[in-house]
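A.B. asks: The following block contains the structure, expressed as structure tokens.
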Amino acid sequence: MTPLPRSGTSPAAPRLRRLRRIPRAPLAASLLAGGAVVVLAAGGGIYESISEEVRQVSRASLAAPMTPAQWEGTLEERRGQWLEMLGLSPLPERTPLEATVTGTLERGDYVVEKVHFQSVPGAYVAGNLYRPAEIEGPLPAVLYLCGHTKGKVNDPYQANPRWFGQNGYVALVLDPIQLGECQGLHHGTYREGRWDWPSRGYTPLGTEVWNAMRALDYLESRPDVDGDRMGVTGLSGGGVVSWCLGAADERVKVVAPVCQSGSIEDVVVDRSTDGHCDCAFWINYRRWCWPDLGALIAPRALLIASGSEDLLWRPTGYRDVAHRIRHQYAALGVPESFELVEDLAPHGYTPKLRQSIFTWFNAHLKDDPAPVESDVTDHVEPEENLLVFGGQLPENDRMREIDTLLVQRDPLPEVANESEWLEHQARALERLRETTLRQTRSEDPPRAREIRQDGGDRSGAAFATHAFATADGLTLRVKTARHAEAPAGVATVAYAMQPDANRTFAGGGPSRPGIAAPFLKAGVEVRHTGATSVGPGYLWTLRRSYPLLGQTLPERQTADLLAGIALMRASAGGVGPVAVYGRGPTAPLAVYAALLDPEIAEIILADPPESHEDPETPEFLGVLRVGDLPHNLALAYPRPITFVGKVPPAYEWTRELYERVGAAGRVRVVGSAAEWRPWEGGR
């Protein structure tokens, strides 16, 4: 894939109200709005497409409230799906926390304990625990989650848990990963080019939720905490984790996210993804939106607190989300357990928001609905006083590698014969279709728009362009090269255009493999190639936005390749057996297209990447949870596989697997694409 910049963000682009659908997006199109001409660049077609798709996602989310029977009957399944989208299915083992208090601050009416624990062995989470100085019995507990500043030492992240500690609660505030004294990384695709994270099925949001779940384990273990009265709140990034923890863990009885509530529609259309790091979002296999989280938190107490001038989370989003969730609470007979409070303010706290949150916790954890009139104090504890590790962070902290530890993978089977492989193959393909490739195969056939004959050359090749509309509204093209003397039903080699190809003229240009006559070549201008190429001003945003629809850019390109093949099969005269060809970054597209289309007769690969663990390999959501590229390629069995030039080392596994199940002859090597001929039989 085209390399992306590793740092920097662009301001959230203003949303463009669409006046009419643009049927095609060649180089430019214009709209007249209020006397001003607005120019849509070549990438506008993809922006329009993804915007329309995300509208469907958000508007389908809890479009009608579930009946109590529906809600109860689907609760366990929905909770399991949610944990899977966090990368927490199955949940990691609850190993010993090794909780340690490294110091105590006595501050009159409250006490601060400096504590750390290990959410997985060797991975440290640091926090401060605020509690009353005098405790007569178990108290309600509040888990406070920070946004992305300096963590627990930041002024508002001291002030809020301190208020709880001064008013009859045990309040634990945690550092987020990569901030304060918690090590690790949350800026994966945002800044560090970690495009292996989507393929791992990893999001730092899953780590934050797991750390918070272990924090609840710690709070439950304390004699001064009533484990039946625990809640969670937090601002900004901590607001997102508050939502997600509440949806994941029923021990949380009160949830109050602050300034981090809204719809996926607004995030994608406004491009506020540019302002969010990876821990703001889950791996959205099921195309959920925030109301679906609210339906999992229900009927427990949920208060959404928002600033109407928040640049990242606009009122159009959070008000619609609140409206849908309110109806679900009413349907469950607990309308009083949900509320939205907002203030005319930007991203952050106001006295109105804080006092509403404090009142909400008192009402639902203390049975005291009286409005709270007090607010946080101005006291700021010096940062060095609150440090858990005293300025010396743990060496070899495994939180630095949590992205490789947290998400559980399906184990590869020890295969002794064909029947054992077929059993594994069926399970693995079903899992890919349920998660990674859930959105890839469309039930809607591509709609042909036009066929243009492009002439020929002296070798006897005739070129043509077949334009078609995809299921999500793009106009793409297939460039074909057909030998004039090719017999009817000749084998066809289909391929995706290379992402860096600067032309596709004459049947595919430099992307066209050197397959010899008389075989038909069909090159699909998958999105982000040819006329739909996007530049650096949108590509980074696009790659980070597609996962919010349960997709990735390479997965969408795979869908385009499949659509182009379907178009060719349906064209006048049809085509013969279809083989797929992939070179370099387009090789994974060929592999996954073949796994979804059993009628593809053969896979041809040249210089394929060897692992989805490599950030340069095209990303597919959660694919590594099922298998890496060599393992997934073998799922095409018994179809033949041809490598051009050589078998890369990682794919020796694939060749050995075919040998083990008695099909060694179906994996072969040719010196060049010109030497390829369709496989004609033999084990």
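Read-outs: derived from the displayed coordinates by stated rules, not from any lab. Computed from a predicted model, the values in this text were never measured in an experiment. In this analysis, Cβ positions are derived from the backbone assuming ideal geometry, glycine residues included, and neighbour counts consider all displayed protein chains.
A.B. asks: Would you please state which residues of the range 574-608 a label at Asp500 would reach in this model, taking the label point 7 Å out along Cα→Cβ and a backbone N cut-off of under 18 Å?
C.D. replies: Taking a point 7 Å out along Cα→Cβ of Asp500, the residues of the range 574-608 whose backbone N falls under 18 Å are 582-589, 606-608.
A.B. asks: I need Ser221, Ser533, Ser272 ordered by Cβ neighbour count within 10 Å, fewest first. Don't jump to the answer; show the numbers that get you there.
C.D. replies: Numbers: Ser221 12, Ser533 19, Ser272 23.
With the fewest neighbours first, Ser221, Ser533, Ser272 line up as Ser221, Ser533, Ser272.
A.B. asks: I've got another one for you. In degrees from 0 to 90, rounded to the nearest 10, what is the angle of the helix 553-570 Cα long axis to the longest principal axis of the chain?
C.D. replies: 30
A.B. asks: In which sequence would Val623, Val388 go, from the one with the fewest C-beta neighbours within 10 Å to the one with the most? Intermediate values should be presented prior to the final figure.
C.D. replies: Numbers: Val623 28, Val388 23.
With the fewest neighbours first, Val623, Val388 line up as Val388, Val623.
A.B. asks: Taking the number of other C-beta atoms within 10 Å as the exposure measure, put Val254, Val341 in order starting with the fewest. Spell out each step's value before the answer.
C.D. replies: On the way: Val254 26, Val341 19.
By the 10 Å Cβ count, ascending, the order reads Val341, Val254.
A.B. asks: Compute the label zone of Lys150 within the range 362-381: residues whose backbone N is under 15 Å from the point 7 Å along Cα-to-Cβ.
C.D. replies: Those under the cut-off are 379-381.
A.B. asks: State the extension gain, in nm to one decimal, for the chain segment bounded by Arg55 and Asp228, taking 0.36 nm per residue of separation less the distance between their alpha-carbons. Provide the component values of the computation, followed by the final result.
C.D. replies: Numbers: separation 173, 0.36 × 173 = 62.28 nm, distance 3.86 nm.
Net length gain for the segment: 58.4 nm.
A.B. asks: For the range 419-675, rounded, prolate or oblate, judged on the Cα gyration tensor with a ≥ b ≥ c (square roots of eigenvalues), a/c < 1.5 rounded, else prolate if a/b > b/c?
C.D. replies: In terms of gyration-tensor shape, oblate.
A.B. asks: Continuing with this model, one more query. Give me the one-decimal nm value for the distance between modelled label points at Asn385 and Thr67, 7 Å along each residue's Cα-to-Cβ direction.
C.D. replies: Spacing of the two 7 Å Cα→Cβ label points: 5.9 nm.
A.B. asks: Please list 537-549, 417-429 highest first by mean number of surrounding beta-carbon atoms within 10 Å per residue. Could you put the intermediate results ahead of the total?
C.D. replies: Numbers: 537-549: 22.1, 417-429: 15.0.
Going by the mean number of other Cβ atoms within 10 Å, highest first, we get 537-549, 417-429.
A.B. asks: Compute the Cα gyration tensor for the range 365-514, then decide on rounded, prolate or oblate, letting a ≥ b ≥ c be the square roots of its eigenvalues: rounded whenever a/c is under 1.5, prolate when a/b is larger than b/c in the other cases, and oblate in all that remain. Display every interim value, and only then the final one.
C.D. replies: Values: a/c = 2.65, a/b = 2.12, b/c = 1.25.
Prolate, since a/c reaches 1.5 and a/b exceeds b/c.
A.B. asks: Additional query: Say R0 is 56 Å: what FRET efficiency, to the nearest 0.05, do Ser374 and Glu616 get from their beta-carbon distance?
C.D. replies: Using R0 = 56 Å, I get an efficiency of 0.55.
A.B. asks: May I ask what percent, to the nearest 5, of DSSP beta bridges between residues of the range 419-675 are antiparallel?
C.D. replies: Details: 21 of 44 bridges.
Antiparallel: roughly 50 percent of the beta bridges in the range 419-675.
A.B. asks: Using only Cα atoms, find the angle between the long axis of helix 351-365 and the longest principal axis of the chain, and express it within 0 to 90 degrees, rounded to the nearest 10.
C.D. replies: With rounding to tens, the tilt is 80 degrees.
A.B. asks: Another question, if that's okay. Checking the a/c ratio against 1.5 first, then a/b against b/c, what shape does the Cα gyration tensor give for the range 68-392?
C.D. replies: Values: a/c = 1.37, a/b = 1.16, b/c = 1.18.
Taking the square roots of the gyration eigenvalues as a ≥ b ≥ c, the range 68-392 is rounded.
A.B. asks: Return the percentage of antiparallel bridges among DSSP beta bridges fully within the chain, rounded to the nearest 5 %. List each step's numbers first, then the result.
C.D. replies: Details: 46 of 95 bridges.
Close to 50 percent.
A.B. asks: Next question, about the same structure. Using only Cα atoms and rounding to the nearest 10 degrees, what angle (0 to 90) does helix 68-85 make with the longest principal axis of the chain?
C.D. replies: 70
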